[in-house]
Amino acid sequence: MSIEVNFDKYFDDLVQKSYDPFLQRAIVRARTAYWDRRNKNFPKLKYVEKWCEELRGIRRVAVDKILDYVKMAKDWMESRGIEVHWAKDAAEANKIIYDLFSSWGAKKVFKVKSIASEEIGMNEYLEERGIKAWETDVGAVILQLMHGKAMHPTGVSIAVAREVAKEYLSKFLGKDLPADPAVLTRATCDWVRKAVPEADAIFSGANAIVAETGEIWVMENEANGRLVLAQPKPYVCLAGIEKVYPTRYAALLYASIMPVYVTGAAAIDNITIIGGKSASNDIERVRVSPATGSDEIHVVFLDNGRTAMFKDPDFRIMLTCLKCGACLMDCPMWNTIAGYFGEHVYMGAFGIIWTAFTKSLEAAATQAYTCLLCGRCKDMCPMGIDLPRLIKRIRQKLVEKGITPQQLQVMAENIIKYGSPYGLA
Ligand code: SF4
């Protein structure tokens with residue numbers, strides 16, 4: 001699919017965003033809250049850097065065998081009654097998920113937030129076909145009501161100002177709520193508590209899939225994940241193949257470092273581990289499954305550019321990315337335009353590579369030229385990924401395809417002609 005790259009419109013829009021008082025206020029509040037919490041908690045976690053180093057080593061070795069680990073996880077899952085699917089791209093993933101939900105007659109699905117589902121445009125795909133997929137994370141609900149763009153991979157609405165969130169939530173919940181995060185959160189969570197039991201089916205992403213056990217790990221703070229996943233309804237989990245960890249220990253390292261990098265917190269509030277369909281062995285030790293849990297569990301492993309990433313020696317390292325979003329929090333561009341740093345689901349520096357592989361090189365063009373290549377993201381990354389080097393490679397590929405902003409072409413010509421990017425002036 002060819003995408004037309006309109007640098008001028010994109011950069012004009014960014015200038016507008018940089019003057020948006022609500023966006024600017026929300027960015028400052030989000031950044032301040034993140035750094036205050038992180039600076040308080042980081043020193044308390046005296047092993048966090050050691051855990052990062054250990055996990056980095058495990059992920060870097062495991063990435064070379066990622067397809068073997070996917071196979072190992074699949075075998076375990078199937079032995080425990082979970083059905084496993086493989087989706088080579090977004091279209092295939094959407095079709096598999098839609099076919100499952102419609103085979104169950106589901107019209108209303110409740111979700112635990114999943115960036116992979118945003119990557120494939122799942123909510124929109126299902127809605128066009130008569131199935132409503134409701135979000136249950138507070139931020140994801142706000143974004144769903146706004147039809148907005150995610151601001152961060154794990155905190156999708158953190159740069160949506162409370163004054164804006166108030167408007168959407170008041171309208172949706174039918175009461176005039178104050179622009180107070182505590183009241184808005186309470187009201188949204190009350191709605192989630194009441195609404196989720198009405199689900200015909202349930203859905204989540206996966207924070208981790210453990211190869212040695214086939215377990216699905218879902219991590220969240222609001223307990224909406226626990227609530228959704230406790231429903232005895234047919235369940236679909238969508239997982240990018242980079243979510244596979246070789247061992248429980250590796251998944252635990254990930255769970256231990258994530259909170260402080262994601263929100264600045266010292267620990268995660270909830271981890272739900274699903275190892276298979278529920279079962280009871282209580283009558284004469286005869287195993288009966290399912291028990292109280294879902295009658296059907298399906299896992300869809302998503303490729304959508306990931307095996308291409310795996311095959312490219314320059315970019316394979318990106319499969320170690322945790323999608324924690326820490327690289328955004330010290331990024332001068334994210335701190336000016338938040339999630340508008342990029343036109344697609346994956347924003348910011350890490351998102352340039354993910355957009356190039358899960359969407360297309362052209363789709364990543366404006367984002368790649370938004371980056372200042374300052375290198376702060378590299379210093380923030382718990383996996384030590386050299387994002388500036390990868391972004392330069394993306395730019396090199398764009399140049400090879402003749403995709404560069406016109407201003408840069410003029411500067412390059414000026415350098416050749418006059419020895420200065422500014423020409424004779
Ligand atoms: S590149 Fe590093 S900091 Fe950024 S999302 Fe990935 S793991 Fe996190």
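Screening Thr154, Thr185 for residues that are touching a helix residue (DSSP H, G or I) at 6+ places or on another chain (Cβ under 6 Å) and modelled with pLDDT under 95 leaves exactly one candidate, Thr154.
Quick one: in region 322-340, of everything that is in a loop (DSSP other than H, G, I, E, B) and over 12 Å from Pro153 (Cβ atoms), which residue is farthest from the ligand (Cβ to nearest atom)? Talk me through it step by step, then tell me what you get.
Restricting attention to region 322-340, the residues satisfying the condition of being in a loop (DSSP other than H, G, I, E, B) are 322-325, 330-333.
Among the residues that remain, those that are also over 12 Å from Pro153 (Cβ atoms) are: 330-333.
Working: Asp330: 10, Cys331: 9, Pro332: 15, Met333: 14 Å.
Per the stated criteria, the residue is Pro332.
Of all residues in region 9-61, count the ones that are among the acidic types (Asp, Glu) and under 15 Å from Tyr254 (Cβ atoms). Before you say what the answer is, go through the steps one by one.
First, pick out the residues of region 9-61 that are among the acidic types (Asp, Glu): 12-13, 20, 36, 49, 53-54.
Imposing the further condition that a residue be under 15 Å from Tyr254 (Cβ atoms) reduces the set to 49, 53-54.
So the answer is 3.
Output yes when any residue across region 122-129 is outside any helix (DSSP H, G or I) and modelled with pLDDT of 95 or more, and no when none is.
Our first condition is that a residue be outside any helix (DSSP H, G or I); within region 122-129, this holds for 129.
Narrowing the set further to residues that are modelled with pLDDT of 95 or more leaves 129.
Within region 122-129, one or more residues are outside any helix (DSSP H, G or I) and modelled with pLDDT of 95 or more.
Listed by first and then second residue, the pairs linking a residue in region 198-225 that is at positive phi and part of a loop (DSSP other than H, G, I, E, B) to a residue that is of a type in the set (A, V, I, L, M) and buried (at least 22 other Cβ atoms within 10 Å of the Cβ), with Cβ atoms under 8 Å apart and 6 or more places separating them unless they lie on different chains, are Gly214/Ala73; Gly214/Met77; Gly214/Ile82.
Restricting attention to region 89-104, and to residues there that are surrounded by fewer than 15 Cβ atoms within 10 Å (Cβ to Cβ) and touching a strand residue (DSSP E or B) at 6+ places or on another chain (Cβ under 9 Å), which single residue is farthest from Gln144 (Cα to Cα)? Among those residues, the one meeting the criterion is Asp89. Is it the case that Ala255 is within 16 Å of the ligand (Cβ to nearest atom) and crowded, with 22+ Cβ neighbours inside 10 Å? Criteria not met by Ala255.
Suppose we filter region 295-321 for residues that are touching a residue at least 40 places away in the same chain (Cβ under 8 Å) and assigned to a helix (DSSP H, G or I); how many remain? Explain how you work it out, then say what you get.
Looking only at region 295-321, we keep the residues that are touching a residue at least 40 places away in the same chain (Cβ under 8 Å), and these are 295-310, 314-321.
When the remaining residues are screened for being assigned to a helix (DSSP H, G or I), the result is 306-310, 316-320.
The number of residues fulfilling the criteria is 10.
In the set (1) in contact with a Ser or Thr (Cβ under 9 Å, 6 or more places away or on another chain); (2) of a type outside the set (D, E, K, R); (3) within 11 Å of the ligand (Cβ to nearest atom), the condition left unmet by Leu387 is number (1).
Out of curiosity, is Thr358 modelled with pLDDT of 95 or more, more than 21 Å from Met258 (Cα to Cα) and in contact with a Gly (Cβ under 7 Å, 6 or more places away or on another chain)?
Details: modelled with pLDDT of 95 or more: yes; more than 21 Å from Met258 (Cα to Cα): yes; in contact with a Gly (Cβ under 7 Å, 6 or more places away or on another chain): yes.
Against the criterion (modelled with pLDDT of 95 or more, more than 21 Å from Met258 (Cα to Cα) and in contact with a Gly (Cβ under 7 Å, 6 or more places away or on another chain)), Thr358 qualifies.
Of the residues Val299, Val262, Val288, the single one that is surrounded by 22 or more Cβ atoms within 10 Å (Cβ to Cβ) and more than 15 Å from the ligand (Cβ to nearest atom) is Val299. Let me confirm something: among Thr320, Thr307, Thr366, Thr404, which residue is of a type in the set (S, T, N, Q) and buried (at least 23 other Cβ atoms within 10 Å of the Cβ)? One residue alone meets the criteria, Thr366. All of (1) in the same structural domain as Cys237 (by TED's automatic domain parsing); (2) aliphatic (A, V, I, L, M); (3) in contact with a Phe, Trp or Tyr (Cβ under 6 Å, 6 or more places away or on another chain); (4) closer than 27 Å to Met347 by Cα hold for Leu145 with one exception: (1).
Restricting to region 226-252, name every residue that is outside any helix (DSSP H, G or I) and buried (at least 19 other Cβ atoms within 10 Å of the Cβ).
Going through region 226-252, the residues outside any helix (DSSP H, G or I) turn out to be 230-240, 244-247.
Answer for region 226-252, where residues must be outside any helix (DSSP H, G or I) and buried (at least 19 other Cβ atoms within 10 Å of the Cβ): Lys233, Pro234, Tyr235, Val236, Cys237, Leu238, Ala239, Gly240, Val244, Tyr245, Pro246.
Right, Thr404: more than 15 Å from the ligand (Cβ to nearest atom) and closer than 24 Å to Ala30 by Cβ or not? No, not satisfied. Looking at region 268-278, can you tell me whether even one residue there is crowded, with 16+ Cβ neighbours inside 10 Å, in a loop (DSSP other than H, G, I, E, B) and under 18 Å from the mean Cα position of the chain (by Cα)? Yes, that holds for at least one residue.
Quick one: is Lys50 exposed (fewer than 14 other Cβ atoms within 10 Å of the Cβ), over 30 Å from Lys277 (Cβ atoms) and free of Cβ contacts under 8 Å to residues at least 24 places away in the same chain? Spell out how you get there, then give the answer.
Working: exposed (fewer than 14 other Cβ atoms within 10 Å of the Cβ): yes; over 30 Å from Lys277 (Cβ atoms): yes; free of Cβ contacts under 8 Å to residues at least 24 places away in the same chain: yes.
It is true that Lys50 is exposed (fewer than 14 other Cβ atoms within 10 Å of the Cβ), over 30 Å from Lys277 (Cβ atoms) and free of Cβ contacts under 8 Å to residues at least 24 places away in the same chain.
The values are calculated or read from the model by the stated rules, or taken from the named source; none is laboratory data. None of the values given here were measured: they were computed from a predicted structure. Note that we place each Cβ from the backbone using ideal geometry, even for glycine, and neighbour counts take in every protein chain shown.
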